[in-house]
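So the structure is just underneath, and the comments pick up after that.
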Amino acid sequence: MSWLSDATLLHLCRVADWPDLTGTRYDCVDKIGQGGMGAVFLARDRELDRQVALKVLSAAPDDADAKARMVAEARLTARLEHPGIVPVHDAGVLPDGRFYYAMKLVRGKRLDEQVSRTTALAERLQPFQKMCDAVAFAHAHGIVHRDLKPQNVMVGPFGEVLVLDWGAAREIGPRADAAVVGTPGYMAPEQATANVAVVDARADVYAVGGILYFLLTGRPPAYGPGAVLARPRQFDRAIPRPLEAICLKALAPDPGRRYADVADLAADVADFLARRRVRAYPEKPFEVVLRLATTYRTVLTLLLAYLLIRILLLVFFRS
Amino acid sequence: MKKWLLGLLLGGVLGIFDGLTAPLSAPETAPDLLGIVIGSMFKGCIAGVLIGYFAQKVHSLALGIVFGLAVGAALAFGIVWLQYQAGKWYFWQVMLPGSAVGLIVGYVTQRYGRRL
Amino acid sequence: MDHDTDLGGPAAAFPATRCTLVRAAGSADPAVRRQAAETLIAAYWKPVYKYIRVKWRSHNEDAKDLTQAFFAVAVEKGFFDPFDPAKARFRTFVRLCVDGFVANERRANTRLKRGGGGELLSLDFAAVEGELRRQESAAGADPDDFFRQEWVRELFAAAVDDLRRQCAGSGKELHFKLFERYDLDGPDAAEKLSYASLAEEFGLPQTQVTNYLAFARRLFRRLVLERLRTTTGSEDEFRDEVWRLFGGDVR
């Protein structure tokens with residue numbers, strides 16, 4: 001039996017995994033990622049002369065379950081035509097029997113790499129809102145992502161946002177299996193157990209709340225047995241109370257106490273940014289006055305200037 | 001709310017306020033207070049409608065403010081002239097607040113209110 | 001697509017059912033158990049020997065005796081019978097059995113008799129010793145990672161031999177030669193090889209080099225998966241190992 005050096009071993013791992021694209025319109029360029037179900041390769045589409053990403057099933061070709069899951073992932077993602085969801089261009093089977101699908105090559109940074117706590121709050125929330133639009137679109141089409149996290153959101157150089165990795169996505173409804181899918185910290189409690197029959201849009205609301213928590217504090221929500229979720233303002237007192245309230249409402253352990261879907265959460269965030277009243281936060285009268293004064297500060301300034309003119313006229317002409 | 005309506009309401013309210021505060025800087029006008037308030041209110045409403053209509057047609061904060069200022073000043077000057085004909089000279093007492101009201105209505109109608 | 005399904009080699013006697021060898025090792029039929037044991041030994045003896053040498057810091061003679069004795073006793077006493085795929089990978093189970101065996105032998109301080117119940121296979125320890133000397137990864141390696149790496153090395157080496165046999169048997173010797181030149185010898189070569197240089201060396205068009213290499217690699221992958229399937233303890237373990245292997249995690 002031939003002896004294989006370490007270098008040869010690594011090389012063989014790589015070439016054995018390399019997709020044989022004979023008979024397709026693609027040329028493989030490089031491996032750019034490895035996911036749970038498959039590897040992602042940078043490839044060139046010869047017909048359209050553009051670069052694409054190819055996701056190729058890593059499992060053995062006769063693993064019918066793995067293939068079915070990946071086919072479902074490709075079909076589901078292809079159904080969701082939205083600027084914030086990575087489009088699927090093509091799908092097929094390689095000569096070695098592995099299923100693959102071609103999608104847009106996403107260039108940019110992951111959300112966790114793109115933003116830091118030094119970035120202005122409004123800047124941090126911009127990609128967040130775009131991400132919410134994409135997820136809300138999916139919910140409107142009956143699809144729940146189930147594995148939302150900052151690492152699955154890409155921000156492009158022109159501010160475009162794409163939600164990736166719909167491999168765990170399912171149609172909203174009764175659970176077909178008891179498998180636990182998701183990422184600790186962003187996984188809703190009902191997702192982590194086999195007790196709840198239905199995993200719906202509120203599971204994604206929890207994950208989106210977790211992403212908001214990350215954007216505000218720089219860390220994922222606490223998870224694990226005995227973990228206690230710290231309020232965001234415990235890490236940074238500058239975090240506005242309404243925004244903290246939105247975050248905590250989304251992260252409520254009881255699905256009934258969260259937003260019904262991501263569109264509601266996004267609407268509250270939009271209200272916060274527009275200095276309107278936020279549903280998740282019951283304002284005190286003083287806070288209402290302060291908010292209105294901040295919102296209409298220019299008009300108030302002009303009215304005060306008008307009053308000042310009146311007072312000056314009074315003083316001047318009376319004297 | 002449409003911009004011209006916003007202008008009308010704001011102009012009217014500020015006009016009423018204008019009228020009510022007139023005796024403070026010119027106590028001799030106190031006996032004619034009701035007439036001053038009504039006149040000031042109408043002046044404010046007319047200014048508000050004109051400025052609001054302008055904001056509906058021209059979408060420029062700077063131009064809206066300048067136009068408001070000009071309309072407010074013009075209508076205020078009309079009052080000054082009428083008073084002058086009656087032998088009274090209230091130039092700064094009328095021009096300054098009147099122009100300021102026009103400026104405020106010009107800003108508000110550009111920033112807020114529905115275009116159509 | 002190549003529909004050639006013959007494994008070749010010691011595993012050829014087993015039908016292509018899943019995880020057959022591991023289950024067969026616990027079979028009630030002594031003949032089946034012996035055949036399965038031989039195949040498992042062929043897959044594991046080198047990793048076990050190297051593991052004992054590196055982790056237990058045994059001299060080569062002691063390591064030889066321990067390796068031979070381990071497999072002899074394992075077959076005789078059914079070390080692999082209590083394997084439960086729900087608790088661990090089969091490779092981890094083997095490693096733990098080795099650890100337990102070596103620890104017991106050292107505690108008892110008994111002189112090992114070579115063979116025990118008779119040599120199952122002729123094991124070329126001298127060659128393995130030579131391999132160990134050439135390996136940079138042995139020193140300072142984590143024992144579990146080292147064992148896994150050696151297990152992968154044997155898996156791939158066996159698949160390469162299967163590939164050689166299959167190509168020879170189907171008149172595709174040139175395919176294998178190109179594979180050997182580029183993918184086996186290439187990584188260690190002083191000068192980086194290219195498809196163009198291979199095409200020139202073999203007097204072939206470059207597109208043919210590309211196609212032949214693609215064929216050989218496709219077949220190689222299939223053979224690796226077939227070998228892997230027979231030496232893992234369950235379908236889940238097989239899937240997990242496929243992911244780890246082709247995710248580039250050789251360690």
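Before moving on, here are some points about what is shown:
- Kirkwood-Stokes translational diffusion coefficient of the stretch A:109-282, alpha-carbon pairs, 37 °C, 0.692 mPa s, µm²/s: 205
- With all pairs of different C-alpha atoms in the average, the Kirkwood value for the hydrodynamic radius of the protein assembly as shown is 31.8 Å.
- Principal axis extents of the C-alpha atoms in chain B (largest first, rounded to whole Å): 43, 21, 19.
- Whole-Hz ³J(HN,Hα) from phi, Karplus 6.51 cos²θ - 1.76 cosθ + 1.60, for the stretch A:244-257, glycine and proline x: 4, 5, 4, 4, 6, 5, 5, 8, 4, x, 8, x, x, 9
- Euclidean distance between Cα centres, the stretch A:200-256 to the stretch A:271-318, Å: 32
- Euclidean distance between Cα centres, the stretch C:143-217 to the stretch B:11-41, Å: 99
- Over all other residues within a Cβ to Cβ distance under 13 Å of A:Arg297, the charged ones net out to +3, with Lys and Arg as +1 and Asp and Glu as -1.
- The mean count of C-beta atoms from other chains within 10 Å of the C-beta of residues in C:141-154, rounded to a whole number, is 1.
- Euclidean distance between Cα centres, the stretch A:84-152 to the stretch C:41-97, Å: 46
- In Hz, Karplus ³J(HN,Hα) per residue of the stretch C:60-72 (6.51, -1.76, 1.60; θ = phi - 60°; x = Gly, Pro): 4, 5, 5, 4, 4, 4, 5, 5, 4, 5, 4, 5, 5
- Proximity of backbone amide H atoms, modeled 1.01 Å from N, is registered between A:Ile32 and A:Val40, A:Phe41, A:Leu42 at under 5 Å, excluding neighbours fewer than 5 places apart on the same chain.
- Cα-only Debye scattering, chain A: base-10 log of I(q)/I(0) at q = 0.07, 0.16 Å⁻¹: -0.38, -1.32
- In order along the stretch A:211-221, phi translates into HN-Hα couplings of 5, 4, 4, 5, 5, 7, 10, x, 9, x, x Hz, rounded to whole numbers, per the Karplus curve 6.51 cos²θ - 1.76 cosθ + 1.60 with θ = phi - 60° and x for Gly and Pro.
- Around C:Phe202: net Lys/Arg minus Asp/Glu count, Cβ-Cβ under 12 Å: -2
- A:Asp90 long-range amide H proximity, modeled H, under 5 Å: A:Ala102
- A cut-off of 5 Å between modelled amide H atoms, ignoring neighbours fewer than 5 places along the same chain, links A:Ile143 with A:Ile172.
- Its Cα centre serving as origin, the protein assembly as shown has a Cβ charge dipole (Lys and Arg +1, Asp and Glu -1) of approximately 2880 debye.
- B:Val94 sits among other residues whose Cβ lies under 13 Å from its own Cβ, and their net charge, with Lys and Arg +1 and Asp and Glu -1, is +2.
- Taking 0.36 nm per residue of separation and subtracting the current Cα-Cα distance, fully stretching the chain between C:Asp81 and C:Leu193 would add 35.6 nm.
- Selection from A:Gly185, A:Pro232, A:Tyr306, by position along the positive dipole direction of chain A (Cβ): A:Tyr306
Every number here is computed from the coordinates shown, using simple stated rules; none is lab data. Not measured: the values here are computed from a predicted model. Note that each Cβ is placed from the backbone with ideal geometry, even for glycine, and that neighbours are counted across all protein chains shown.
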